[in-house]
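S.K.: Please find one structure pasted underneath; my questions will follow.
The values are calculated or read from the model by the stated rules, or taken from the named source; none is laboratory data. Treat the numbers as computed from the prediction; the structure is a model and nothing was measured. Neighbour counts run over all protein chains shown; Cβ positions are idealised from the backbone, glycine included. When the accessible area is computed, the model is the full protein with side chains, heavy atoms only, and any ligands, DNA or RNA have been set aside. Shrake-Rupley method; radii C 1.70, N 1.55, O 1.52, S 1.80 Å.
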Amino acid sequence: MSTSMKWLRFAAAAGAMAVASSAAFAQEKELVFGLHCDRTGATQTVGVFLCPGYHDYISLVNSKGGVEGYKVRVLEIDNEYKVPPAMEAHERFKKEGAVLTSLYGTPHTMALTKKLEEDKILGTAPGFGTAAAADGKRFPYVFPIAASYWSQAAGAIAFIKKELGDLKGKKIGYLYYDNPAGKEPLVIFEDLAKSEGFELRTFAVPAPGVEMGAQVLDITGRFKPDFVVTHLFGRSPSVSVKELKGKGYPLSKVISFVWGASEADIKAAGGYELANGYNTIQFAGVGPDFQVIKDINAMYQAQGKGVPSAQEVSVFYNRGVVIAALHVEAARNAVKAKGGAKPSSEDVRRGMESIKGFTLGGMVPPMEVTPQDHEGGGWVQVWTVKDGKLTKNGDWFQAYRSVIQKHLAAVN
Amino acid sequence: MLHRESGVFKTSYAADMALYPLPIARWTVAAFIVLFAVILPLALHDYYLSIINLSLIAVVGALGLNILVGYTGQISVGHAAFMSVGAYTAANLAVRFDLPFWITLPAGGLMAALIGAIVGIPSLRIKGLYLAIATLAGQLIIEWVINHTPAISGGAQASIQVPRPALMGHQIRTQGQLYFFLLFFAALAIVATLNLVRSRIGRAFVAIRDQDIAAEIIGINIYRYKLLAFAISSFYAGVCGVLYTYYLGIANYEQFQIGVSIDYLAMIIIGGLGSVLGSILGAVFVTMLPIMIRLIMEPLAGLFFTAGELSSVVASTRLVLFGALIIFFLVVEPEGLNRLWRNIRNYFRTWPFSY
């Protein structure tokens, strides 16, 4: 047999294997989840920890027999935080028959809102995207399933009120990244400033957000607020902690939104010692003290592997786990509703809209997703840097729901 | 394009400048039209069409930038901002005045051309890297203005949802329908550019690029032509932005940030400065190659890694491979893919009797 014939045979065999494996993938008892992720782009500081959390939870579910007998296959596409790759990813998910997708990034959520609706595939946007998407009637296929920036703003003010006693005549500074996401909560702050009687001043940090000496000096030197709310992304939260500390502002009077709230930010700012007292808003439980995390670690230990390294930033890792858990729960509801038959993406949407009383041992807020409320109630928890780690500071809470509802209604 | 020209002799300037230098090229072009207009949409799944759609949008933008950078020799890092001008103009017109795409599309282009000409004013006095910084300022100013002007951006989220384009009462919404929509405008842009660069204007642009003082001495009004280059280039950018807006169904300024300008510069440098084919090849290369690398790597890496590890491996390896391939192609041929193609063609010109 000539060499070329050998190669030909080899190629044919490889081709047959590829066909066989792809056929094996397309089996009946399988659900496909599409995961948008950013492991290499502008926000890779989040993606490299969040996405492993998602995969690990799905592996855990699969190792226990899957969702009501259905194995879950996660198709992840890295979008580098750019919109065209996210569009491509969505089409790929659609082609592979994904029943739901996990969006990542505000611009991408915006860009895909219409596509999701046309293709009737739901997308979850926890902690980003537009706050108005909480309105399930207006955005039927986008699910924030976590506190929006509006709910986080309300939560921050409620926390400050608890700390300071009364807000009348108090001064609150808002230090934010100057982009649509940073400006979104402004309406809630302004509204609450009126009703609660505090004075609000805003300090915008222009992109890329690593230079805020002037703004912080303005806060600590001139405005001298009783509390500061920060809403920053990427590298800038650590800069804000360092600058505020450096100018002598007490970090116990600072509360950060969800994307400036991870262990990585605290370490980059100079460690727990320096950041002692820093308050953070969370939409998922923090740390390894949850049964599900222990289960994941036990699963890896049984396979002879170590604890996943991504757990070192548990804030993002746990968020990945929570997002995966809510996805699985939606799929479970859908399979149950169909009596065990394979659900369509429409069924999974209805499954997502019936999530209730699912807490994963306190890691997930006691949310209730309904066809009207895709946010699930806007629950948040505050975790504070104390004794060298993030410590839970009070239980899950909702704040100023009537104000949020009023603004949601006003969008229409 | 693909043919040998032996036996074809030109006897007039008109014949030498013709779009089809050889009679047989008409058939090649016809074959390409059949391939893109009939065979591809019939043969390909919507997913693959969606990748082509992204490339078609990029082709329009890259052609525009190449007119400015490649043909006229003026550096611009504000291309994405001009796209956003087109995008928001069209979105506002489409939403507030309920205008159809065949009005909003040229309107977006014209508005971008106007703003582009204004941003291009510094080019009358400064060149090279200094001009690059001036256009960078243009990019940042336009971004800031859109972000802080609710009248343009439509509120705090700085995004405007636009209805799908409609043609004679039919909405263009599936990837297949959008493919024809985008193909039409990409083809129009290609033909327009081919004609532009062989016209008086195109020659003036090239003269300014090669030696602006000499161009001025032979009677080219360089102020006028430099601004015209900015305006035409920005018109393309604006149209690209409008196409993108209709493709996504939303105008959002975060899709047109500085990184996108850099991406487009990369496209024309990889493809080949000062060539139409280069712009197309570059746009296709930068848009499709990362996707192709992933599609090839997924089954390969799947043999060695679990699903969770796979994503991380593919994401990082893809970035490395993509970068390595850019370096490879630029080292092999610094003048870009267009030149590479011409070298291959010239080699086969006399093959197999190359003596």
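S.K.: Within the protein assembly as shown, which cysteines find no other Cys whose Cβ is under 4.7 angstrom from their own?
M.R.: B:C240
S.K.: So, with +1 on the Cβ of K and R and -1 on the Cβ of D and E, and no other charges, what is the size of the charge dipole of segment A:116-181 about its Cα centre, to the nearest 20 debye?
M.R.: 440
S.K.: Using a 1.4 angstrom probe on the protein heavy atoms only, could you order A:E211, A:E199, A:E243 from most to least accessible area?
M.R.: Output order, biggest surface exposure first: A:E211, A:E199, A:E243.
S.K.: About its Cα centre, how strong a charge dipole does the protein assembly as shown have in debye, to the nearest 20, once Lys and Arg get +1 and Asp and Glu get -1 at the Cβ?
M.R.: It works out to roughly 900 debye.
S.K.: Okay, helix-only estimate at 222 nm for chain A: each DSSP H run of n ≥ 4 adds -39500 (n - 2.57), divide by all residues, round to 500 deg cm²/dmol; what do you get?
M.R.: -13500 deg cm²/dmol
S.K.: Here is a further query. For the pairs A:K183/B:K226; A:K29/A:K356; A:K224/A:K356; A:K170/A:K392; A:K170/A:K245, flag any whose C-alpha to C-alpha distance is greater than 32 Å.
M.R.: Violating the 32 Å limit, Cα to Cα: A:K183/B:K226; A:K224/A:K356.
S.K.: Where the eigenvalues come from the Cα gyration tensor of segment B:272-355, what are the semi-axes √(5λ) of the equivalent ellipsoid, largest first, in whole Å?
M.R.: 33, 15, 10
S.K.: Heavy atoms only, 1.4 Å probe, whole protein assembly: order A:H108, A:H407, B:H45, B:H170 by accessible area, highest first.
M.R.: On the way: A:H108 5, A:H407 35, B:H45 85, B:H170 130 Å².
My answer, sorted largest first, is B:H170, B:H45, A:H407, A:H108.
S.K.: Related question: How would you rank A:350-359, B:28-37, B:195-204, A:92-101, highest first, on the average number of other Cβ atoms within 10 Å across their residues?
M.R.: A:92-101, A:350-359, B:195-204, B:28-37
S.K.: Continuing with this model, one more query. Counting alpha carbon pairs within less than 8 Å and at least 6 residues apart, what relative contact order, in whole percent, applies to segment B:36-349?
M.R.: Values: 494 pairs, mean separation 98.6, N = 314.
Computed value for segment B:36-349: 31 percent relative contact order.
S.K.: Follow-up. If you place +1 on the Cβ of every Lys and Arg, -1 on the Cβ of every Asp and Glu, and leave all else neutral, what size is the dipole of chain B about its Cα centre, to the nearest 20 Debye?
M.R.: 780
S.K.: How about A:K338: which aspartates and glutamates have a C-alpha closer than 12 Å to its C-alpha, ignoring those fewer than 8 places off in the same chain?
M.R.: By straight Cα distance, A:K338 reaches A:E68, A:E346, A:D347.
S.K.: Based solely on its DSSP helices, what 222 nm [θ] is calculated for chain B when runs of n ≥ 4 H residues each add -39,500 (n - 2.57) and the sum is averaged over all residues, nearest 500 deg cm²/dmol?
M.R.: Working: 16 runs with 249 residues, N = 355.
Theoretical 222 nm ellipticity from helices: -23000 deg cm²/dmol.
S.K.: Sticking with this structure for a sec: Any idea what diffusion coefficient chain A gets from Stokes-Einstein, in µm²/s, Kirkwood Rh on alpha carbon pairs, 4 °C, 1.567 mPa s?
M.R.: Answer from the Stokes-Einstein relation: 58 µm²/s.
S.K.: Considering every residue in A:45-52, what mean count of other chain Cβ atoms within 10 Å of its Cβ is obtained?
M.R.: Taking all residues of A:45-52 together, the mean is 2.
S.K.: Give or take rounding to whole Å, what are the principal axis extents of the alpha carbon atoms in chain B, in descending order?
M.R.: 67, 63, 44 Å, listed from the longest principal axis down.
S.K.: Determine one quarter of the surface area of the Cα convex hull of segment A:367-412, which equals its mean projected area, and express it in nm² to one decimal.
M.R.: The Cα convex hull of segment A:367-412, projected and averaged over all directions, gives 4.2 nm².
S.K.: Report the net charge of residues surrounding B:S159, where surrounding means a beta-carbon distance below 13 angstrom and charges are Lys +1, Arg +1, Asp -1, Glu -1.
M.R.: Every neighbour counted, the sum reads 0.
S.K.: What's the center-to-center distance, using Cα atoms, between segment A:89-132 and segment B:227-243 in Å?
M.R.: 30
S.K.: What whole-number volume per residue, in cubic angstrom, does the convex hull of the C-alpha atoms of the protein assembly as shown give?
M.R.: Considering the Cα atoms of the protein assembly as shown, their hull volume per residue is 191 Å³.
S.K.: Using only Cα atoms, find the angle between the long axis of helix A:44-63 and the longest principal axis of chain A, and express it within 0 to 90 degrees, rounded to the nearest 10.
M.R.: 50
S.K.: Need one number: convex hull volume per residue for segment B:220-279, Cα atoms only, in Å³.
M.R.: 106
S.K.: In degrees between 0 and 90, to the nearest 10, how far off the longest principal axis of chain A does helix A:236-246 point, with axes built from Cα atoms?
M.R.: Compared with the principal axis, the helix lies near 30 degrees.
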